[in-house]
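Every read-out reported here was derived from the displayed coordinates using simple, explicitly stated rules and does not represent laboratory data. Owing to the predicted nature of the structure, the values given are computational and were not obtained by experimental measurement. Methodologically, a virtual Cβ is constructed for each residue, glycine included, from the backbone with ideal geometry; neighbour enumeration extends over all protein chains shown.
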Amino acid sequence: MTTTPPSSATQAPAPAAPQVLHLDRAQDDADPVVGLRRRLTTALALAAPPLLVLGNALMPALPRDPAQAVAAVPAVADRYLAAALMYALASLLHVPFVLALWRVGTRRGAWLRFGGGAVLVLAMVLNALSLVLWGYLLWGSARAGLPDELQVRLGAALDGSAATLPVSFLAVPLAVLGMLALAAGLLRSRVVPHWAVGLWVVGVLASASVGAGPLALVGLVGAAGGAVLVLSTRR
């Protein structure tokens, strides 16, 4: 008995189904400006520390005695206002500075980075308010030619008011506390160079300790450390 071989029609493979290209919805819905936001955050963060140093260096050093300080303002009123506004802008730019450092994604030191950064942002916002307040107050009083005695009384009233306590006295201690906590969190992360953290902290504290004037340029050391930290967190 002879078996009939299967026909070639039964041996031929079935035709492949036409391939249909599907768009990746996740990719299609992706934020188109996320890269721009990251680059802008990095750029603004890099500007914050050196601008803070320059504002402090340009700030005229006024006598500690209120009466003597008021008498010295008219000669440097424009420079004082410009330096105060630059300093205030640099303080606000520490918001993107902290956001850039928060890009460190390790578990180690996360709460220190978060808490310290939040306190530092609060302190810098208060500092900006203080600088704008006193900058325009002294500049406007000098330009208006108000009597020195009236300016001294006005300054004393602002200094002694509970309403101005946050911007007058709390900004500096909060800034130091926030910076140290943030620095500790960065050190624990083991992601950024430890020497850069040290440069940033030492430079900022050195610049603040010498006060206003050209000697504040020592803070450029801290600005260099801050720049390295920001660039180390780019992704």
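Would you mind counting up the charge near A142? Only other residues with Cβ under 15 Å from its Cβ, with Lys and Arg at +1 and Asp and Glu at -1. Spell out each step's value before the answer.
Working: positive: R79, R143; negative: D78, D148, E149.
Charge balance near A142 sits at -1.
Order of 175-181, 104-110 by packing, highest average Cβ count within 10 Å first? Don't jump to the answer; show the numbers that get you there.
Numbers: 175-181: 19.3, 104-110: 14.3.
Averaged packing, sorted descending, gives the order 175-181, 104-110.
Once you have a ≥ b ≥ c as the square roots of the Cα gyration tensor eigenvalues for the range 49-232, tell me rounded if a/c is under 1.5, and otherwise prolate or oblate according to whether a/b is larger than b/c.
prolate
For the range 164-235, just say rounded, prolate or oblate: build the C-alpha gyration tensor, square-root its eigenvalues into a ≥ b ≥ c, call rounded for a/c under 1.5, and beyond that prolate if a/b exceeds b/c, oblate if not. Present the calculation step by step, with values, prior to reporting the outcome.
Numbers: a/c = 2.51, a/b = 1.42, b/c = 1.77.
Oblate.
Add +1 for every Lys or Arg and -1 for every Asp or Glu among the other residues with Cβ under 12 Å from the Cβ of A71, and state the total.
So the surrounding residues net to -3.
Using alpha carbons only, how many angstrom separate the centre of the range 49-124 from the centre of the range 190-205?
18
Can you compute the charge dipole magnitude of the range 49-232 about its Cα centre, using +1 on each Lys and Arg Cβ and -1 on each Asp and Glu Cβ, nothing else charged? Give it in debye, rounded to the nearest 20.
So the magnitude is around 880 debye.
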